[in-house]
Amino acid sequence: MFNKIRLWKKKPVSSNFQDRISALKMRQIPEHVAIIMDGNGRWAKKRTLPRIAGHHEGMKCVKRITAIANDLGIKVLTLYAFSTENWKRPKSEVDYILSLPEQFLSTFLPELIEKNVRVTAIGYTEGLPESTLNALNRAVEQTKHNTGLHLNFALNYGSRAEIIDAVKNVVKDSQTGKIEIDNLTEEVFSSYLMTEDIIEPDLLIRTSGEIRISNFMLWQIAYSELYFTNVLWPDFSELHLFEAIEEFQNRQRRFGGV
Ligand code: FPP
């Protein structure tokens with residue numbers, strides 16, 4: 001197709017770049033990286049472009065970061081694409097953001113399949129456009145047996161709502177005798193969350209200089225390393241991800257021990 005963006009094939013291949021990847025791989029690569037992709041609006045504003053231009057650029061960044069995460073051997077990449085609070089934005093912006101998974105998958109799914117990537121999503125389906133759900137369901141179905149990078153979109157996701165729903169289901173299951181409330185452990189409770197079959201994030205990155213969590217995976221990030229950068233999401237490059245991983249590798253994770 002004319003002018004089709006195929007970032008996967010165009011990734012930088014300088015020896016310096018490859019050396020950096022090899023050096024990172026010599027140490028522990030975080031198995032699950034979760035990212036709060038923030039700053040699309042400010043990226044657009046700086047260029048006097050409409051906010052949706054920032055979101056479009058943000059989608060291109062998703063392609064770049066997915067490709068490099070796969071090359072690095074990251075097992076799970078969770079991307080916070082739309083929160084349950086994002087409905088407060090103007091309808092035209094909401095509609096545009098919610099059309100992005102379809103745009104992304106319509107150009108990128110063949111490459112995801114070729115690279116053995118598995119696509120999933122967490123979040124609430126209520127309110128999402130039919131076409132977005134169809135595109136996601138198709139991608140989930142077509143990649144369900146892939147064993148490479150697990151690319152997980154958080155779409156219409158909110159952690160407090162997720163926890164409340166989990167509590168309701170625990171209560172229901174205890175009423176029907178499916179679980180004994182005294183046997184409720186952290187592990188059992190985790191299995192009631194949308195991330196039931198996903199390991200907890202080792203590294204949480206938030207772009208754009210905001211130092212907050214914004215209702216993202218509150219339970220799951222209890223022991224994650226947090227990394228905040230001033231870089232706006234559309235400018236977040238492979239090199240920025242390398243820096244985040246290097247910082248992760250230099251931290252000592254003690255999980256409450258000594
Ligand atoms: C936050 O930046 C960003 C969002 C709410 C949308 C994020 C969506 C993407 C990056 C694209 C997703 C792509 C796929 C394929 C699902 P903001 O708009 O709040 O930025 P601002 O704080 O600078 O205004």
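The values are calculated or read from the model by the stated rules, or taken from the named source; none is laboratory data. The structure presented is a predicted model; accordingly, all values stated were derived computationally and were not measured. Here the Cβ positions follow ideal geometry from the backbone for every residue, glycine too, while neighbour counts run over all protein chains shown. Calculation scope for accessible area: heavy atoms of the full protein, side chains included, ligands and nucleic acids excluded. Shrake-Rupley method; radii C 1.70, N 1.55, O 1.52, S 1.80 Å.
Scanning the stretch 129-157 for residues that are within 15 Å of the ligand (Cβ to nearest atom), closer than 21 Å to I35 by Cα and surrounded by fewer than 20 Cβ atoms within 10 Å (Cβ to Cβ) gives a single hit, V140.
Of all the residues in the stretch 70-107, those that are in contact with a Gly (Cβ under 8 Å, 6 or more places away or on another chain), open to solvent by 40 Å² or more (accessible area, probe 1.4 Å) and within 10 Å of the ligand (Cβ to nearest atom) number 1. Any residue at all in the stretch 147-168 that is β-branched (V, I, T) and within 20 Å of the chain's Cα centre (by Cα)? The answer is yes; a qualifying residue exists.
When the stretch 101-124 is examined, which residues are found to be within 13 Å of A154 (Cβ to Cβ) and part of a helix (DSSP H, G or I)? Correct list: P101 only.
Within the option set I21, I35, I29, being open to solvent by less than 70 Å² (accessible area, probe 1.4 Å), part of a helix (DSSP H, G or I) and among the β-branched types (V, I, T) holds for one residue only, I21. All of I221, I181, I211, I164 fail the test of being surrounded by 13 or more Cβ atoms within 10 Å (Cβ to Cβ) and of a type in the set (A, V, I, L, M), apart from I221.
The set of residues in the stretch 44-69 being of a type in the set (G, A, S) and either free of Cβ contacts under 8 Å to residues at least 40 places away in the same chain or within 9 Å of the ligand (Cβ to nearest atom) (or both) consists of A44, A53, G54, G58.
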